[in-house]
Amino acid sequence: MIVLSRSHACALALTLFCSALPAGEKSFAIVFRDITKDAGLYEPLAGIMGHGGAWGDFDNDGLLDLYMGGFCDRPNAEYKPAAGPVPNKLFRNLGNGRFEQVKQPAVTFFGRTSGAVFADLDNDGWLELYSANNAKAKTQKAQEPQKSAQVRHSQLFRNNKGVFEDISAQSGACPSTLFTARNIGVFDYDADGLLDLLVVEDRFTPKPRTALFRNKGNLQFEDVTQKAGLPDNLFGLGLAVADLNGDGRPDFFVPHSNRLFLSTRAPSPPSPLPSGSEGSESRARSASKGEDVTYREAVELKSILTWAPLDGEDWPCGAAFGDLDRDGRLDLVVAIHGKKARNKVFLNDGLKNGIPQFRDVTKEAGLGDIIPVRCPHVEIQDFDNDGWPDIYISAAWMDAAGKITPLVYRHTGVKDGVPRFTPPRPIGGDMVYYPAGPTGDFDNDGRLDLFLINWFQGNHSRLLRNESAPRHWLQVQVVGKTFNRMGLGSQIRLYRAGELGNQKALVGFQELSIGYGYASGQPALCHFGLGELERVDVAATLPNSQKIVRKNIESKKRMVLAE
């Protein structure tokens, strides 16, 4: 039984949904409230055939702003209550629970936007915007804007202190040969301090390929797909990026083709954590700046990762890495874009000959039930701040009144070495799905909120404010100088205060990443729930292999680790 104070009971009565807890479980519920209309997002997004979206502070005021795009090539009637296709939208966070539409012509266009991400690609402290557009080779439409929407290629926008400028043509990151783009990976594959782009192309084009664009500086990119050893037939939908083999370079998993690629830089043993007072630093694995790095497919994992589809639309789609059992290793969750979604949970049992050993624990973990709708997007986040990461999959229940209950599998602990999860209600019934649903703490209250991007008539996109009971938390941001300013690729470990380096005292491990799951862009933050812990020790391994320790850090704040 859950006992709530009067204030929490009132909030719960007004809340549209709440996660159910197992009998006897002593914990708070995960509680969201639909604030779409109050936030000023309902009317501007009415009728949009939404598909991709991203959180990011594009104007540097400390508040997460929102970008959203969709498919604009369908008949006008499919966009009701709008009169026809609804263009992409940029919203500024006003800080009072409301958003205002920012009418910048460059980013307000009609296309087939399948994904988006904000990223600082020139290290000037302002976030660029990349829009992955699912372009066709030629249009089959006669009317506008549907006609031009079909053939619009992916686009890159420079951020000029809050004003976006289209630099797609001259950037080299949006070639006319790139058509059915889906997800965007952002990482520094060659350790030169500049973020590179991996644009995933789906298989629904004559010669699908996933392209790696190296950042040369000044927002100029070159295609290094072949040079990096990537195959020319790699297709996919979503993406997950992390250093899995411990060599200090990003590896990545591409769902649909279900192929894992590992950097070939030989791993060296990590150095011990630095000791001494708060703020001590040391060097670990040396990283050669700007070195040539290639990838090889982890064919050793083919048997565990290969997908046997039930039909022609049964596709692995979203993917995310996260430490589900707090053992200091990154596990993998894959979400399925199928009408009978058989989502997967793989535990990481460690390295063997440099290869991460994944084990399928889906059934034991509590995700064995087939979801009766598609499940495109997935994230591993601690929504109730109890210290254990939950699993969000972009499906939901919708009742007759239009109220939504998102599918968040709440972490209930580890049993027999396997993390256990429970859904908010038994799987089945009237369920819907959303193509994307990026998380972000838009109101800076230390609780992760959800933005559900809707595609279908009869439903709408929704901003869900997290109103779970307050608990302790810590958000970690990394700012680089010699490495990428966003700190992507940093690995953050939290320990109980006074027990730095004690594996049994590990309370969280994450690698800083954005653009994971499917069609979604997240802010460059590591969010940790701490439960009842008021203080923790923090150990960070930065992209340049520098190690930073901060001891006895107070909770309920955002911590910035600057190089």
## Note on the structure
Residue span ASN160 to ASP399: 0.36 nm per residue of separation minus Cα-Cα distance leaves a gain in nm of 81.6 nm
### Summary
To the nearest 20 debye, the range 408-477 has a Cα-centred charge dipole, built from +1 on Lys and Arg Cβ and -1 on Asp and Glu Cβ, of 240
### Where trypsin sites (Lys or Arg not before Pro) fall in DSSP loop in the range 471-563, at most 14 other Cβ within 10 Å
LYS481
#### Entry: Selection from ALA119, GLY97, SER148, by position along the positive dipole direction of the range 50-197 (Cβ)
SER148
### Task
Specify which residue in the list ALA106, ALA524, THR294 is farthest towards the positive end of the charge dipole of the chain, using unit charges on the beta carbon of Lys, Arg (+1) and Asp, Glu (-1), about the Cα centre.
ALA106
#### Entry: Rounded percent of accessible protein surface that carbon and sulfur make up, the range 466-546, 1.4 Å probe
45
#### Entry: Spatially proximal lysines relative to LYS551 (Cα-Cα < 27 Å; intrachain offsets below 8 disregarded)
LYS481, LYS504
### Under 19 Å from the Cα of LYS352 - lysines, other chains or at least 8 residues apart
LYS302
### Solvent-accessible area per residue for the chain (1.4 angstrom probe, square angstrom)
37
### Message
Taking the Cα centre as origin and putting +1 on Lys and Arg beta-carbons and -1 on Asp and Glu beta-carbons, what dipole magnitude results for the range 391-547, to the nearest 20 debye?
### Response
280
### Query
With each pseudo-label sitting 7 Å past Cα toward Cβ, what's the LYS363-VAL560 distance in nm, one decimal?
5.1
### Query
Tell me which lysines have Cα within less than 21 Å of LYS403's Cα, excluding those fewer than 8 residues away on the same chain?
LYS37, LYS80
### Rounded Å value of the spacing that divides the Cα centres of the range 492-508 and the range 33-91
41
### Query
What list of ³J(HN,Hα) couplings, whole Hz, do you get for the range 502-509 from phi and the Karplus terms 6.51, -1.76, 1.60, once you set θ to phi - 60° and write x for glycine and proline?
7, 4, 6, 9, 5, 10, x, 9
### Task
Go ahead and estimate [θ] at 222 nm for the chain from helices alone: -39,500 (n - 2.57) per DSSP H run with n ≥ 4, summed, over the residue count, rounded to 500.
-1000 deg cm²/dmol
### Message
Calculate the FRET efficiency for ARG496 and TYR42 from the Cβ-Cβ distance with a Förster distance of 41 Å, rounded to the nearest 0.05.
### Response
0.40
### Message
Between [x] 53; [y] 17; [z] 56, which entry matches percent of Cα pairs over 40 Å apart as derived from the coordinates of this structure?
### Response
[y]
### Query
Distance in nm between label sites at ASP292 and LEU94, each 7 Å beyond Cα in the beta-carbon direction?
5.6
### Query
Label point 7 Å out from LYS415 along Cα-to-Cβ: which residues of the range 337-364 have amide N under 17 Å?
361-364
### Message
Starting from 0.36 nm per residue, how many nanometres of slack lie between GLU144 and ALA106 once their C-alpha separation is accounted for?
### Response
11.9 nm
#### Entry: Lys, Arg +1 and Asp, Glu -1 on Cβ, resulting dipole of the chain about Cα centre, debye, nearest 20
680
### Task
Determine the share of the range 333-438's accessible area contributed by carbon and sulfur atoms, expressed in whole percent, with a 1.4 angstrom probe.
47
### Residues whose placed amide H lies under 5 Å from that of ALA240, excluding near-sequence neighbours
PHE253
### Summary
In whole Hz, the Karplus estimates of ³J(HN,Hα) for the range 34-45 (6.51, -1.76, 1.60; θ = phi - 60°; x where Gly or Pro) are 6, 10, 3, 5, 4, 7, x, 9, 5, 5, x, 9
#### Entry: Derived scalar couplings ³J(HN,Hα) [the range 521-531; Karplus, 6.51 cos²θ - 1.76 cosθ + 1.60; whole Hz; x for Gly, Pro]
x, 10, x, 7, 9, 9, 9, 10, x, 10, x
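The values are calculated or read from the model by the stated rules, or taken from the named source; none is laboratory data. As the structure is a computational prediction, the values presented were derived from the model and not from experiment. Positions of Cβ are backbone-derived with ideal geometry, glycine not excepted, and every protein chain shown enters the neighbour counts. Remember, those area values only see protein heavy atoms, side chains included, never the ligands or the DNA or RNA. Shrake-Rupley method; radii C 1.70, N 1.55, O 1.52, S 1.80 Å.
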